[in-house]
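Could you have a look at this structure, given as structure tokens, before my questions?
Every number here is computed from the coordinates shown, using simple stated rules; none is lab data. Worth saying up front: this structure is predicted, and the values here are computed from it rather than measured. Positions of Cβ are generated from backbone atoms using ideal geometry, with glycine treated the same way; all protein chains shown enter the neighbour counts.
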There are 2 protein chains.
Amino acid sequence: MPVTDVAIDKIKDMIISGELAPGDRLPKEAELAQRLGLSRSSLREAVKALCLIRVLDVRQGDGTYVTSLEPNLLLDAMTFVVDFHRDDTVLDFLAVRRILEPAATALAALHMSDDDITELGQLLGELEDSPTVEALVANDLQFHRKIADGSGNPVLCSLLDSLSGPTARARIWRGLTQEGAVAKTREQHSAIYEAIAAREPELARSWATVHVAGVEQWLRNALGTADDPTADAEPAAEAS
Amino acid sequence: MPVTDVAIDKIKDMIISGELAPGDRLPKEAELAQRLGLSRSSLREAVKALCLIRVLDVRQGDGTYVTSLEPNLLLDAMTFVVDFHRDDTVLDFLAVRRILEPAATALAALHMSDDDITELGQLLGELEDSPTVEALVANDLQFHRKIADGSGNPVLCSLLDSLSGPTARARIWRGLTQEGAVAKTREQHSAIYEAIAAREPELARSWATVHVAGVEQWLRNALGTADDPTADAEPAAEAS
DNA sequence: AACACCGAAACATCCGAGGTCTGTTGCAGG
DNA sequence: CCTGCAACAGACCTCGGATGTTTCGGTGTT
């Protein structure tokens, strides 16, 4: 195994064992390199890798620190991974979201504070009557994020956040190609909000299911026609 | 932004744009470094980082390649992330698993091939009458992995795989401290298998819920977090 | 007490020189 | 003609040092 990989494991172990706690500063490069028995170059590769997944945080001119290691931070790195998946596997991600979102919504109906619910309602009102597709999607992301956050489970929240990336793209296409989608989205958001405000977890769950399933159904059709050489519908545009 | 981070983004873009397809070989270090306008050292840091999340695969003496980018590979990197979370957040991960596992089991009841179901049954039989805790946990992991795989959704499968890490540890503790757990686990596994074999998704879902909830309940008590009044909330049933 | 300056510390980046591993090529033998 | 072995070249691995940049904290001035 390359020394760099060994270094990654060593640092990982130092953190897991508690030798390095969240927020702690690592020894300086030269020192740590000597301690782990490798060169600074190799150590830097290890640090950079751990940095990408948000385990370490290097500040030039200061030092290298262990992040808070909170689930949201670490799972945030998954967004990076999800970015690599385009058209073909988006449906699989959406299917997972279709499982998690209703559950999160139901939890939110039970756990959200009254203040949070008020803020959730305000989000719905902030949208203009004829919003741009971008504004709609941004508002949609905020709406679902607040609900996910309201579930009280940071892991669930972060996971949904990561999965929302591809969904957001899908929504943009949908907004561009399906006229009734905007009105329908607003209707469903209102219904979800009402259910949460009424503390009706099962109702909230159902509306969330309907909501995500709608996107999924549309996307399935869109991709199905795109893959079909005999289809006349225009295929989904490539990422620019 | 550091040069290395720019390089990471550049390489990422090269892949997403299609310039580098899965399986392709990257230009050699020196060449790519010049092309991206940085030194080999910095480039290597970028490559190492992308390597950690399984986007690139370097083979000494050969070259650097883009991986297949399949969801299972990329989400596999999440296992690394999950490893950083111990006692305190395990419950949150388990709660997510409690949402996904029943759904996956229900899907498996619908989608698994007869051959796969046969193999699943064989897994149950392979276990000795008085297995060691380690053997039991290993068998358990295989069992659930096969079901997750049977859901037909690679994203769901990989996600569950990652979440099973902490759960496995929990099971080991449980096996060591709770005597009846072994027998109960085998009973529930059999029930899940029977439900899948009978193509009864809702029955399979329910047994899976019971199964995971059992672990969750025990762990909650073991960690002494009986302060959460919502532990028993959120019925998982859902029409269709 | 508040602010500006300065130096030390630490990371960022680069470079070039060996070392090691892998795939390929060419030759000899069956 | 096909097979097996050995040498070669290409590519990554690791190293150590030199130089640039940024940040922090102490010092001196106002």
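Angle, helix A:201-227 long axis vs. longest principal axis of chain A, Cα atoms, 0 to 90°, nearest 10?
The angle comes out at about 90 degrees.
What's the angle, to the nearest 10 degrees (0 to 90), between helix A:154-177's Cα axis and the longest principal axis of chain A?
Its long axis makes an angle of about 50 degrees.
Sticking with this one: Count, for each residue of A:102-113, the Cβ atoms from other chains sitting within 10 Å of its Cβ, then give me the mean as a whole number.
Details: counts 3, 10, 2, 0, 6, 5, 0, 1, 3, 3, 0, 0.
Neighbouring Cβ atoms belonging to other protein chains average 3 per residue here.
Then there's this: Hey, got the average number of other protein chain Cβ atoms within 10 angstrom for residues in A:94-100? Present the calculation step by step, with values, prior to reporting the outcome.
Numbers: counts 1, 7, 12, 1, 1, 13, 5.
Mean inter-chain Cβ contacts per residue within 10 Å come to 6.
Taking only the alpha-carbon atoms of region B:167-215, what semi-axes of the equivalent ellipsoid follow from 5 times the gyration tensor eigenvalues under a square root, in whole Å, largest first? The partial results should precede the final answer.
Working: eigenvalues 105, 21, 11 Å².
Value: 23, 10, 7 Å, ordered largest first.
Another question about this same structure. Which one, A:Ala21, A:Ala208, A:Ala195, has the greatest fluctuation when you compute a Gaussian network model over chain A with C-alpha springs under 10 angstrom?
A:Ala21
Excluding same-chain residues fewer than 8 positions from B:Lys28, which lysines have a Cα within less than 26 Å of its Cα?
Partners within reach: A:Lys48, B:Lys10, B:Lys12, B:Lys48.
A further question follows. Can you pull a Stokes-Einstein diffusion coefficient for chain A at 20 °C (1.002 mPa s), Rh from Kirkwood over Cα pairs, as a whole number of µm²/s?
Numbers: Rh = 20.3 Å.
Estimated via Stokes-Einstein, D reaches 105 µm²/s.
I've got another one for you. Going by alpha carbons, how many degrees (0 to 90, nearest 10) lie between the helix axis of A:114-126 and the longest principal axis of chain A?
60
Please report the spacing between the Cα centers of region A:189-207 and region A:8-70 in Å, no decimals.
Cα centres, region A:189-207 to region A:8-70: 45 Å.
Non-local amide H neighbours of A:Leu56 (under 5 Å, H modeled in plane, Pro and chain starts lacking H): which ones?
Excluding prolines and chain starts, which carry no amide H, the hits are A:Cys51, A:Thr67.
For chain A, with a Gaussian network of springs between Cα atoms less than 10 Å apart, report the residue from A:Ser164, A:Ser190, A:Ser113 with the top mean-square fluctuation.
Of A:Ser164, A:Ser190, A:Ser113, the Gaussian network model singles out A:Ser113 as fluctuating most.
Taking only Cα atoms of the protein assembly as shown, what ratio of Rg to Rh do you get with Rh as the Kirkwood inverse-distance radius? Don't skip to the answer; put the middle values down first.
Details: Rg = 23.5 Å, Rh = 24.2 Å.
A ratio of 0.97.
Which of B:Leu20, B:Thr79, B:Phe143 sits farthest toward the positive end of the charge dipole of region B:1-158, with +1 on the Cβ of Lys and Arg and -1 on the Cβ of Asp and Glu?
Of the options given, the answer is B:Leu20.
Next up: Pull up the cross-link candidates among the aspartates and glutamates for B:Lys146, meaning alpha carbon to alpha carbon under 14 Å and not fewer than 8 places away within one chain.
B:Glu101, B:Asp114, B:Asp115, B:Asp116, B:Glu119, B:Asp161
Which Rg and Dmax, in Å, describe the Cα atoms of region B:1-120?
Taking only Cα atoms of region B:1-120, I get Rg and Dmax of 19.3, 56 Å.
Still on this structure: For region B:95-204, what does the convex hull of the Cα positions come to per residue, in cubic angstrom? It would help to have the intermediate numbers written out before the result.
Values: hull volume 9.8 nm³, N = 110.
Cα-based convex hull of region B:95-204, divided per residue, equals 89 Å³.
Among B:Arg171, B:Arg145, B:Arg86, which one shows the biggest mean-square fluctuation in a GNM of chain B, springs joining Cα atoms closer than 10 Å?
Evaluated over chain B, the most mobile residue of the options is B:Arg86.
Just checking the output field for B:157-169: average partner chain Cβ neighbours within 10 Å of each residue's Cβ? Display every interim value, and only then the final one.
Details: counts 2, 2, 7, 1, 0, 1, 2, 0, 0, 0, 0, 0, 0.
Rounded to a whole number, the mean comes out at 1.
Now for a different question. If we count every other residue with Cβ under 12 angstrom of A:Glu119's Cβ, Lys/Arg +1 and Asp/Glu -1, where does the sum land? Write out the running numbers ahead of the final one.
On the way: positive: A:Arg145, A:Lys146; negative: A:Asp114, A:Asp115, A:Asp116, A:Glu126, A:Asp149.
Net charge in that neighbourhood comes out at -3.
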